[in-house]
Amino acid sequence: MSIFPPSPDSQTGLRALRAMIRQRSPLAALAVFHRELGDVFRVNLPGFNPITLVGPEANRFVLVTQRDDLRWRAEHDPITRLLRNGLLVIDGDWHDTMRSYMNPAFHRRMLAGYVEAMVRYTDQISAAWDDSPRDMLAEIRRITLLILVETMFKVDFSPEMDRLWPAVLRLLGYISPGFWLIWRDMPRPGYARARRQVDRYLYGLIQARREALLKSNTEPHDLLGVLITTPDLSDDLIRDQMLTMLIAGHDTSTALLAWALYLLGCHPTALVQARTEVETVLGDALPTLETMTELRYLERIINESLRLYPPLHIGTRTAAVDLEFGGYAIPAGTRVLYSPYLTHRQPEYWPNPDCFDPDRFLPEQSHTRPAFSFVPFGGGSRICIGAAFAQVEAKVILARLLQGFELELLQSKVYLHMGVTLEPRPGVVMVARRREK
Ligand code: HEM
């Protein structure tokens, strides 16, 4: 007979509240619940009572075994209202069909071509850097937005950047966790206008591309071209996939790169080792897909950043039927959370889990860990469609910055902001000094 998962009593609740205030992050409260209640627990907030499942077996349960009974789509969540029928928020066969349309844009042979844009936009944004302090979180966001729009939609976003920047940030704020979890219809000033602005831009791109494709005989390979030439996809459905990519494809990479730069700034020996590797492998040459595979240490830095600060720290589903996990009952209709953040800090799989140690990802160490203990990109049939893209992009941007700049972190005190992604706030303030050739 299954029993209901434990939930915090007043003492645990108090300790969680204190941790949350001290560390300025709700993740600190979740860590207290996990430590005190175990790998399955229920949080009781008014109107929001999710069950959180932690650990490799829990991740497998959510991502693979019960994938069909744990639905992504929650009709009234802001993310569903915003993305409507985007890949991220649809389920079942429809999801799998839509994904099969989009997969070719992420094929390895496409990645090689994307590297050029990744280098170009890193250089374009960093060209303006002088010796004054700047927030790398914002700088990287510019780079990843430009890369995303050009590689996926074949358009230069530079002329639109300043005009659409506030609207993009407003949309991210709209879907970030917040009071809407307990007050569903709370007013969201500024959202409707931001959405109209971004929609106008996206529908404009669709229209322009339809016209261009009518005049050309070539077969498109970028995501927008592929979607437009897929039979029976309406402009609305195409807009939904574009907006999904715009949000999911740049905010995550921004968070990863901001944390990687932060960690390099905090660990000067790792910074020197990463730079030495880049100099040995690349010298002054431009990064390519082939040379990126040789940057093994940089890859370990990226993985360790993803472990400590997974941009998508929590994944959410809703149980479509009654389920059971580890002897605990999960009634139909329950919100179920899985957490890369908590899994990545379980000491049984990650000794000294709070320490930065890229060598955890040496092959001989990785092989000893169970499947689903490292899930920064999720898993199963909904594994991040952009995982390979994101890993190459992170390496290219970091390699290019290490080639060109001496990086110095000015402020090591940051807190974990739980937005759409996990961000270092108030930012990653660095001085980037151009290196002598
Ligand atoms: C460091 C960067 C990234 C991280 C950490 C990341 C993480 C994730 C995770 C954890 C999921 C699964 C969510 C779940 O099942 O609950 C996901 C899905 C997704 N990601 Fe990423 N992502 C990254 C970059 C990207 C990029 C670059 C793109 C597109 C260019 C992208 C597009 C998507 C899409 C469309 C989905 C939904 C896939 C589906 O449901 O089939 N992501 N991502």
For the range 1-34, which positions are among the aliphatic types (A, V, I, L, M) and in a helix (DSSP H, G or I)? 14, 16, 17, 19, 20, 21, 27, 28, 29, 30, 31, 32
Yes or no: the range 355-366 includes at least one residue that is among the aliphatic types (A, V, I, L, M) and over 29 Å from residue 70 (Cα atoms). yes
Taking the condition of being touching a helix residue (DSSP H, G or I) at 6+ places or on another chain (Cβ under 8 Å) and assigned to a loop (DSSP other than H, G, I, E, B), how many residues in the range 41-67 meet it? 5
List the pairs whose first member sits in the range 84-101 and is over 15 Å from residue 69 (Cα atoms), whose second member is acidic (Asp, Glu) and more than 8 Å from the ligand (Cβ to nearest atom), and whose Cβ atoms are under 9 Å apart, counting only residues at least 6 apart or on separate chains? 84/236; 84/240; 85/236; 85/240; 86/240; 87/240
Selection count where residues are small (Gly, Ala, Ser), at pLDDT 95 or above and either more than 16 Å from the ligand (Cβ to nearest atom) or in contact with a strand residue (DSSP E or B) (Cβ under 9 Å, 6 or more places away or on another chain) (or both), scope the range 216-246: 1
Mind listing whichever residues of the range 98-116 are within 11 Å of the ligand (Cβ to nearest atom) and farther than 17 Å from residue 288 by Cβ? 98, 99, 100, 102, 103, 105, 106
Please determine whether any residue of the range 161-168 is within 16 Å of the ligand (Cβ to nearest atom), within 27 Å of residue 77 (Cβ to Cβ) and assigned by TED's automatic domain parsing to the domain that holds residue 81. yes
Consider only pairs whose beta carbons are under 7 Å apart and that are at least six residues apart or on different chains; among these, list those whose first residue lies in the range 251-264 and is closer than 13 Å to residue 393 by Cβ and whose second residue is part of a helix (DSSP H, G or I) and among the charged types (D, E, K, R). 253/393; 254/141
In the range 282-321, what residues are part of a helix (DSSP H, G or I), without any contact (Cβ under 8 Å) to a residue 60 or more places away in the chain and of a type in the set (Val, Ile, Thr)? 291
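So which residues in the range 170-228 are in a helix (DSSP H, G or I) and β-branched (Val, Ile, Thr)? Before you say what the answer is, go through the steps one by one.
We begin by selecting, within the range 170-228, every residue in a helix (DSSP H, G or I); these are 170-175, 179-181, 191-215, 223-228.
175, 198, 206, 226, 228 - these are the residues of the range 170-228 that are in a helix (DSSP H, G or I) and β-branched (Val, Ile, Thr).
The values are calculated or read from the model by the stated rules, or taken from the named source; none is laboratory data. Only a predicted model underlies this, so the values are computations on that prediction, with no experimental measurement involved. Counting neighbours? That spans all protein chains shown, and the Cβs are built from the backbone with ideal geometry, glycine included.
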